[in-house]
Amino acid sequence: MTMPTITSALADVTASDSALRRFLHGLPGVDAVGLEARAASLGTRSIKTTAKAYAIDLAISMIDLTTLEGADTPGKVRALAAKALRPDPTDRTAPATAAVCVYPDMVETAAAALAGSGVKVASVATAFPAGRAALGVKLADTRDAVAAGADEIDMVIDRGAFLSGRYLKVYEEIRAVKEAAGAARLKVIFETGELSTYDNIRRASWLGMLAGADFIKTSTGKVGVNATPANTLLMLQAVRDFRERTGVQVGVKPAGGIRSSKDAVKFLVLVNETVGADWLDNHWFRFGASSLLNDLLMQRQKLSTGRYSGPDYVTVD
């Protein structure tokens, strides 16, 4: 497995806990008022019919269609995989979603249902969503998911370690999970709603990227505050600045609370205006959502027919 290469300018910042702390706390402070104002301003952009149709299809193609419930069954996962492959059974022009995201014990079922389709199998691992387990358990969780067929691993950081300033511990854990994931792409979840400040979100973003994250992800979707335009904008700024400094491109995945087409389009505007076309692709930007797909399909049908379908047009997940 090849880890992302960090330029010599950053090679020393992870050499010790103190060096990493100095680097992370040396990042520019976040202007909260300015960040939220910018996110709100971009959210008012008007998207016309043709562009809206393009944005809706793009958003569908970026969804990690997700089921992460204790009551998940193989039948539910197979049904979700079928929906990922053909979101609208009445319209073959509707794009497939990017991935299906499940718990590790459901990966084998999802992989069998999606085999050869190009739709990825993503698995939450590392004792999701709390992340409260020994490193050996987290690594075993990751290896099991990959062995079962996962193309992508969504891991949660140890928020307790991060918030208590043990940055090197978090860094080393991400590196270890990245190695255990092998060829699978790694999405690192910060649980931004628990990080308290924008400065912490910026620090977590850089920490994750320094450790080799292929994606940085806002949330598990299991807490009160999940993806917001402001925290996603901040993470987009971080990946932009990271690529400028290192040459390494990292994806972004807002997750939790994005339920409407209107919201999805706002996030795509954030992407376009902050990092540009290089990230307007499901290899670099994802939505962690399930109910979002239903609204996108209804809006898509409205654009093509001029009317909304009845309540049974899409399944309610």
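The values are calculated or read from the model by the stated rules, or taken from the named source; none is laboratory data. Because the structure is predicted, anything quoted here is derived from the model rather than measured. Virtual Cβ from ideal backbone geometry, glycine too; neighbours counted across all protein chains shown. Side chains included, ligands, DNA and RNA excluded: accessible areas come from the protein's heavy atoms. Shrake-Rupley method; radii C 1.70, N 1.55, O 1.52, S 1.80 Å.
Roughly how big is segment 200-317's charge dipole about its Cα centre, with Cβ charges of +1 (Lys, Arg) and -1 (Asp, Glu), in debye to the nearest 20?
With only Lys, Arg, Asp and Glu charged at Cβ, the dipole is about 200 debye.
Which value at 222 nm does the chain reach when only helices count, each DSSP H run of 4 or more adding -39,500 (n - 2.57), with the total divided by all residues and rounded to the nearest 500 deg cm²/dmol?
Counting only the DSSP helices, I get -14500 deg cm²/dmol.
If we sort 275-283, 181-189, 108-116, 122-130 on the protection proxy, mean other Cβ atoms within 10 Å, highest first, what's the order?
Result, highest mean Cβ count within 10 Å first: 122-130, 181-189, 108-116, 275-283.
Which pairs, out of 52/178; 76/138; 178/262; 187/302; 83/169; 52/138, put more than 32 Å between their alpha-carbon atoms?
52/178; 178/262; 187/302; 83/169; 52/138
Using alpha carbon centroids, what distance separates segment 131-165 and segment 30-49, in Å?
Computed from Cα coordinates, the inter-centre distance equals 33 Å.
For Cα pairs less than 8 Å apart in space and 6+ apart in sequence, what is the mean separation divided by the residue count of the chain, i.e. the relative contact order in percent?
Relative contact order comes out at 19 percent.
By how many degrees, 0 to 90 and rounded to 10, does the Cα axis of helix 135-147 deviate from the longest principal axis of the chain?
Value to nearest ten degrees: 40.
Just to be sure I understand, if you calculate Cα Rg over 2.2 N^0.38 Å for this structure, which of [x] 0.97; [y] 1.13; [z] 1.18 do you get?
Calculated Cα Rg over 2.2 N^0.38 Å: the matching label is [x].
For the ranges 68-75, 21-28, 57-64, what's the packing order if you count other beta-carbon atoms within 10 Å of each residue, average per peptide, and put the highest first? Don't skip to the answer; put the middle values down first.
On the way: 68-75: 11.4, 21-28: 13.8, 57-64: 22.8.
Per-residue Cβ counts within 10 Å, averaged per peptide and sorted highest first, yield 57-64, 21-28, 68-75.
Please compute the per residue accessible area over segment 179-276 with all protein chains in place, 1.4 Å probe, rounded to a whole number of Å².
Values: 2850 Å² over 98 residues.
Here the residues of segment 179-276 average 29 Å² of exposed surface.
Compute the long axis of helix 167-181 from its Cα atoms, compare it with the longest principal axis of the Cα atoms of the chain, and write down the angle in degrees, 0 to 90, nearest 10.
50
Helix 32-42 against the longest principal axis of the chain: what's the angle in degrees, Cα atoms only, rounded to the nearest 10?
The angle comes out at about 30 degrees.
What does the highest-first list of 95-107, 248-260, 220-232 look like by mean Cβ count within 10 Å?
Working: 95-107: 24.4, 248-260: 21.9, 220-232: 19.6.
Listed from highest to lowest mean packing, they are 95-107, 248-260, 220-232.
For segment 1-124, what is the accessible area per residue in Å² when the probe is 1.4 Å?
Numbers: 6230 Å² over 124 residues.
So segment 1-124 comes to 50 Å² accessible per residue, rounded to a whole number.
Given labels modelled 7 Å from the Cα in the Cβ direction, how far is it in nm from residue 222 to residue 69?
1.6
Per the 1.4 Å probe, what fraction of the accessible area of the chain, in percent, lies on carbon and sulfur atoms?
For the chain, the apolar C and S fraction of the accessible surface comes to 52 percent.
Once you charge only the Cβ atoms, +1 for Lys and Arg and -1 for Asp and Glu, what is the size of the charge dipole of segment 65-142 about its Cα centre, to the nearest 20 debye? Before the final figure, lay out each step's value.
Values: 8 positive and 7 negative charges, 22 e Å.
The calculation lands at about 100 debye.
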